[in-house]
Structure formats: C-alpha cells, structure tokens
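> Supplied in structure tokens, the structure appears directly below.
The values are calculated or read from the model by the stated rules, or taken from the named source; none is laboratory data. Quantities reported herein were computed from a predicted structural model and do not represent experimental measurements. Note that we place each Cβ from the backbone using ideal geometry, even for glycine, and neighbour counts take in every protein chain shown.
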C-alpha cells in the first residue's frame, strides 16, 4: 500500500511538472505571436485595409478600365487609415480601430492611423471641419483606449497633419499646443508610437518647427515627427530635413510620407497633375528616420483645386495618373 501511494505521488508530481511546462510553452507561443514593442523601421508593413476608399472604388468599378485597375492596385498597398470625426464619429471609432487591428493580425502587419479631427481643422481650408473642444477630447480618448486594446499590433499614430505647421499662420499656436498635448496624453500607450506634425522641407524654417514640436513633445510619450504628409517632396529632401530637425530635438525620430512623391514636387501642393506614387513603405531608415510609409492615400483628392473634388473624396482620374507607371494593365 505504501509503495502504491509513493507511486501515485510520484506520478502526480510528474503530471504537475508536465502541466507547468505546457503552460510555459503556451505563454511563450502567445507572446511570440504578438509583435515586439519596437518602433517602426525598415521592413515595417502596415495594414492594407478593406475599409479604404480604393477598396470601395475597386468593388464598384468597371472591369478592364484604367480606373478599375488603378483602384485595385491602390487597394492592395499598405496605407495609413485616416480617422476623421466626419467618417468615424465618437461612439463608432472604437470598433473601427478594432477592425483595423483584426486585419493587421491577419496580414501580419501593424495598424497605422492618422488622427485628423482638431477643432478648426485646416484653418478653414480645403479640409476644414473637426470637432468642438469637448467632443474632440472624448473622441481621442476613445481612440486611445482602442489603440491600447490593439497593442499586439504596435499601432503607429500620425497626429493631426498640418496642425503645428499651420498654427503660426492661423494665429493659434498656444491653442494648438494645448490641444495636441492633451491628445498625446489620451492616445499614449506602451506599444503606441506617436508622431507629431512637422510640415515638410519647403514650409517653415527648421528652428521654428523645432520650437513648435518641443512645446508639445516634452512629456516623453512622443516617438517623433512626420514629414511630407499629403505632400510631394522628394524623399532625399525630406530625409535631409528630418536630420536637420532631429538635431534640434534630442531623441526624436521621423516618419516620411512617400505615397505620392514619385515625381518630386514643383511647389504645387494641391492635386498636382504630374504626380506619381512613391517608394513603398518600409524601404528606408537610418538613425533618425525610422522609415517611410504611405500616409496620404493615393487617389483621394487634396481639395477643390486643379479639377479635383472635395478633399478626401475618391478621384478616379488622379488614381489613374498616380499609378500610370506601376499598374499591371
């Protein structure tokens, strides 16, 4: 009897050890399945969402036409998703981010969003709109909570393009700094990488941009700044600008938008007719520039200029022109 009891005890101990080992393996596998909490860099792939306007246009297009081919091509390209209160208002944005996160997991990619809904957005320009102060605070709080739920896909956030670079012209620098600081606090998470607006290499003087960014980024929850968003400047110019700016901003890094800069820029920023898509995201990077991404979705209008429809509207003609050198047709 004593021997039997000893055998039972031994087997019970072995069973406990095996169960513990299995539990450790499961934990390791689960952790390995999540993306490491590292910033973007060369090789970064962001989600190509089925929520994009390119995907919608491809679904509604006429097979065999250049417009259909352009929409299909662009729908397959990893591109940041723009969160605006007009399209995704408070109360709906959490599910939208969750959808993007599910797609990212399926594609072994990362979520990249542009938060674009400040009060008085674009100083009444082509992209005018945004929320009131209180509603904006609620909206970014909801986005931040959703991004923290998506921590396993290391979200990338480009926060309010043009907001800082336009502020001196709009005369609302103090207001913008306050709003953006609060937004950074609401959006921050251990695996969330936030980049502030830095305009581009042909806009404000570097020292002025550095001062604006420093006023917002002092808390330590900002990874860096984004340049060339929705613009067309050559990548080499933006890399040089990023290095100049980073030299004045200790420890901050850069993202560069290369979605539509394949033909460079002649200074026209609003629907230039000869533009081309640029280098795919994740193809560059150094000690300052984390990498490049497609941030502005190609095929969406900059505004009612050079024959374009309202800002953010899908424009088949632009999509065809932008992809004229890369379409498979």
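> State yes or no: is residue 204 closer than 24 Å to residue 269 by Cβ, assigned by TED's automatic domain parsing to the domain that holds residue 130 and either touching a strand residue (DSSP E or B) at 6+ places or on another chain (Cβ under 9 Å) or outside any loop (DSSP other than H, G, I, E, B) (or both)?
Answer is no for this residue.
> Looking at residue 244, is it touching a strand residue (DSSP E or B) at 6+ places or on another chain (Cβ under 6 Å) and at pLDDT 95 or above?
So residue 244 does not fit the description; no.
> Contact list please: Cβ distance under 7 Å, first residue in segment 152-167 and within 13 Å of residue 180 (Cα to Cα), second residue modelled with pLDDT under 95, pairs at least six apart or on different chains.
162/122
Condition check ((1) in a strand (DSSP E or B); (2) surrounded by fewer than 15 Cβ atoms within 10 Å (Cβ to Cβ)) across all residues:
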| residue | (1), (2) |
| --- | --- |
| 86 | no, yes |
| 90 | no, no |
| 96 | no, no |
| 101 | no, no |
| 113 | yes, no |
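> Something else about it: What is the residue count in segment 237-265 for residues that are farther than 18 Å from residue 165 by Cβ and more than 21 Å from the chain's Cα centre (by Cα)?
Here the count works out to 4.
> For segment 155-194, give me each residue that is within 24 Å of residue 205 (Cα to Cα) and assigned to a strand (DSSP E or B).
Within segment 155-194, 158, 159, 194 qualify.
> Looking at this structure, is residue 72 exposed (fewer than 10 other Cβ atoms within 10 Å of the Cβ), in the same structural domain as residue 290 (by TED's automatic domain parsing), part of a helix (DSSP H, G or I) and modelled with pLDDT of 95 or more?
The answer is no for residue 72.
> A follow-up question, please. Exactly one of (1) closer than 25 Å to residue 44 by Cβ; (2) in contact with a strand residue (DSSP E or B) (Cβ under 8 Å, 6 or more places away or on another chain) is unmet by residue 122. Its number?
For residue 122, the failing item is (1).
> Would a scan of segment 275-288 turn up a residue that is closer than 28 Å to residue 309 by Cα and more than 20 Å from the chain's Cα centre (by Cα)?
The answer is yes; a qualifying residue exists.
> Specify which of the listed residues (267, 312, 224, 282) is in contact (Cβ under 8 Å) with a residue 40 or more places away in the chain, assigned by TED's automatic domain parsing to the domain that holds residue 198 and buried (at least 24 other Cβ atoms within 10 Å of the Cβ).
Only one candidate passes the filter, namely 224.
> Same structure again: For segment 301-329, which positions are outside any loop (DSSP other than H, G, I, E, B), in contact with a helix residue (DSSP H, G or I) (Cβ under 8 Å, 6 or more places away or on another chain) and farther than 18 Å from residue 52 by Cα?
Across segment 301-329, there are no qualifying residues.
> To continue, here is another question. Does residue 277 qualify as being at pLDDT 95 or above, on the phi < 0 side of the Ramachandran plot and either not in a loop (DSSP other than H, G, I, E, B) or not assigned by TED's automatic domain parsing to the domain that holds residue 71 (or both)?
When the stated conditions are applied, residue 277 does not pass them.
> On to the next question. Hey, does segment 238-255 have a residue that's assigned to a loop (DSSP other than H, G, I, E, B) and under 21 Å from residue 47 (Cβ atoms)?
no
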